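Written below as structure tokens is the structure these notes are about.
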Amino acid sequence: MSAATTRSRTPDRLCAEAVDLARAAAEEAAAPGVVGEHVGLVSEGDRVVTHFFECKELGYRGWRWAATVARASRAKIVTLDEVVLLPGPDALLAPEWVPWSERLRPGDMGPGDLLPTDAEDLRLEPGFSGEEEPPPNAPVSQDMADLVEAEDAEVTEGPPASLPMTPSRGSIAAVAEELGMRRARVLSRYGLHVAADRWEESYGPKTQMAQAAPASCVSCGFLVPLGGSLGQAFGVCANEFSPADGRVVSLAYGCGGHSEAAVMPKPPVPPPPVIDETRVDPFPLRPSRDSGSVPELAADEDTAELGHS
């Protein structure tokens, strides 16, 4: 361990004895009667010491007033550096701040609240605008049309009755199963209307959430459309922060979690600096005595006592 390190850890004697100076500075910065007893000191470096005083302010349990004093080299007068209020080892501190994106939980959104979505939200992707080609697995894609045409071209010899195994493709049961209709009973028109009225009442345009929403679900990217006749008026919400997540909602319903209600823009990229602030131009602190611009002044006793030449 070097000698400089040893000196920095050992409090300076004159700075350590300047308790009254530190207390007066702390009482001047704080309200009357909130500066308590002297609870210790610590060496900040060569001839720099911080004194700690108990804080009696309500709501600041365990905090301490810290007054830092210092003195110049070869000086006998101790001066004040700064006074701050710092938390002690047992101080009562506020919990660490958590961003809203990590603090928000499903069900926290209320009527009139807006939930901004990131411009590059992984849960959303560009929709079909009519100009792009459909995906390869889409029913209207050229690849799927070619596949269906190739499968239909496979014609077996003889009538289906003479085959050892009846082909399933093209049969009524196979088509009904593909369409989701291979059930003993299905919803009647009355059953569809009753379900639609029930969903409309729970998640429809007349609810308090929809009345305060910035837009309706029909233009939201989190809406999963339904098939069949119900798809003309209803869909399924897929926004985990929406109060209707996983529920069948009306296309006229809405909430503050709409994907396009408040899109957060990308952070702006600052332009390159016009002035080069990274270069350091050296300037002398004082002109030389032989330059003729500074008269020779005799050092008085106060300047010598502060350690200045």
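The values are calculated or read from the model by the stated rules, or taken from the named source; none is laboratory data. What you see is a predicted model, and the numbers here were worked out from it, not measured in a lab. Neighbour counts run over all protein chains shown; Cβ positions are idealised from the backbone, glycine included. SASA here: full protein model, heavy atoms, side chains in, ligands and nucleic acids out. Shrake-Rupley method; radii C 1.70, N 1.55, O 1.52, S 1.80 Å.
Taken together, L93, L86, L104 contain a single residue that is more than 15 Å from G257 (Cβ to Cβ), out of contact with any Gly (no Cβ under 7 Å at 6 or more places or on another chain) and surrounded by 12 or more Cβ atoms within 10 Å (Cβ to Cβ), which is L86.
In this structure, is T50 surrounded by 13 or more Cβ atoms within 10 Å (Cβ to Cβ) and free of Cβ contacts under 8 Å to residues at least 24 places away in the same chain? Considered against the rule, which asks whether it is surrounded by 13 or more Cβ atoms within 10 Å (Cβ to Cβ) and free of Cβ contacts under 8 Å to residues at least 24 places away in the same chain, T50 comes out as yes.
When restricted to residues that are touching a helix residue (DSSP H, G or I) at 6+ places or on another chain (Cβ under 7 Å) and closer than 30 Å to Q208 by Cβ, the range 76-117 contains 1. Restricting attention to the range 231-242, the residues being in a helix (DSSP H, G or I) and open to solvent by 40 Å² or more (accessible area, probe 1.4 Å) number 1. Of all the residues in the range 259-286, those that are touching a residue at least 60 places away in the same chain (Cβ under 8 Å), open to solvent by less than 100 Å² (accessible area, probe 1.4 Å) and of a type outside the set (G, A, S) number 2.
Return the residue satisfying two criteria in turn: it lies in the range 212-222 and is open to solvent by 40 Å² or more (accessible area, probe 1.4 Å) and of a type in the set (A, V, I, L, M), and of such residues it is nearest to L115 (Cα to Cα). Top of the filtered list is A212. Pairs meeting the criteria (first residue in the range 59-74 and farther than 14 Å from A18 by Cβ, second residue outside any strand (DSSP E or B) and open to solvent by 70 Å² or more (accessible area, probe 1.4 Å), beta carbons under 7 Å, at least 6 apart or on different chains) are R61/L92; G62/D90; G62/L92.
So in the range 61-96, with the set limited to residues that are in contact with a strand residue (DSSP E or B) (Cβ under 7 Å, 6 or more places away or on another chain) and of a type in the set (S, T, Y), which one is nearest to G33 (Cα to Cα)? First the steps, then the outcome.
Here is the first cut: in the range 61-96, the ones in contact with a strand residue (DSSP E or B) (Cβ under 7 Å, 6 or more places away or on another chain) are 62-71, 78-88, 91, 93.
Going one step further and asking which of them are of a type in the set (S, T, Y), we end up with 68, 79.
Values: T68: 20, T79: 24 Å.
So the residue we want is T68.
Within the range 16-75, restricting attention to residues that are of a type in the set (K, R) and farther than 22 Å from L93 by Cβ, which residue is modelled with the lowest pLDDT? My answer is R74.
Residues that are modelled with pLDDT under 85, open to solvent by less than 70 Å² (accessible area, probe 1.4 Å) and aliphatic (A, V, I, L, M): which helices (runs of 4 or more DSSP H) entirely in the range 162-211 hold 1 or more of them?
Those helices (runs of 4 or more DSSP H) span 172-178, 189-202.
For the range 243-255, enumerate the residues that are surrounded by 22 or more Cβ atoms within 10 Å (Cβ to Cβ) and either among the β-branched types (V, I, T) or modelled with pLDDT under 90 (or both). Answer for the range 243-255, where residues must be surrounded by 22 or more Cβ atoms within 10 Å (Cβ to Cβ) and either among the β-branched types (V, I, T) or modelled with pLDDT under 90 (or both): just V249.
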